[in-house]
1. Counting other Cβ atoms within 10 Å of each Cβ, which GluC sites (Glu not before Pro) in the range 43-146 have at most 13 and sit in a DSSP loop?
2. Whole angstrom only: what separates the Cα centroid of the range 5-45 from the Cα centroid of the range 91-146?
3. Pull out the extension gain between E78 and Q132, defined as 0.36 nm times the separation in residues minus the alpha carbon to alpha carbon distance; nm, one decimal.
4. With the Cα gyration tensor of the chain in hand, convert its eigenvalues to equivalent ellipsoid semi-axes via √(5λ) and list them largest first in whole Å.
Amino acid sequence: MAQPRGPAQPSAKLQQIRQDFQQIATMAGFLNSAFDLPQLRLFFTLYGRVAVADEAEGLAILPRLQAWCDRLGNQLREDSSSAILPPQVQIAAPQPHPSGEGWVVVATLSFASKVTENSYQRVRTAALAAYQQAATLRETGVAALD
């Protein structure tokens, strides 16, 4: 008689892929993941943060930040050959910076995808480009919105 087996374990390569995506996500957000063998489910959160001088400037850049989010979402879909689902976007009202120096506006993009050992490269390339753009936005500010 055959011995009952436990749940299937993800391959070492699939576990390595998850670690790679987690490193990418630390640039400007975070990642939740789950193994759904033979796939890896990925749930990304990306933060686009812009520092501004005051609340009025923060309110004034909201349309440009929304347009940036829309472009980024379209780019994610195109670069991943639609393997990444359309992102959900939330933009918070301007908030005082915790240090008391200026204000900050934050856009949150949440998106999901599934990858396998053989199909992750497109998703990786798209996610890496998006997180790099968010890191650039945080570093360069309003100029990166154009």
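No lab work stands behind these numbers, since they all come straight from the coordinates. Bear in mind that the values here come from a model prediction, so they are computed numbers and not experimental data. As a convention, Cβ positions derive from the backbone with ideal geometry for all residues, glycine included, and neighbour counts pool all protein chains shown.
1. Details: sites: E55, E57, E78, E101, E117, E139; in loops: E101, E117.
Sparse-neighbourhood loop GluC sites (Glu not before Pro): E101.
2. 19
3. Details: separation 54, 0.36 × 54 = 19.44 nm, distance 1.64 nm.
Answer, rounded to one decimal: 17.8 nm.
4. Details: eigenvalues 256, 46, 27 Å².
Each semi-axis is √(5λ); the values are 36, 15, 12 Å.
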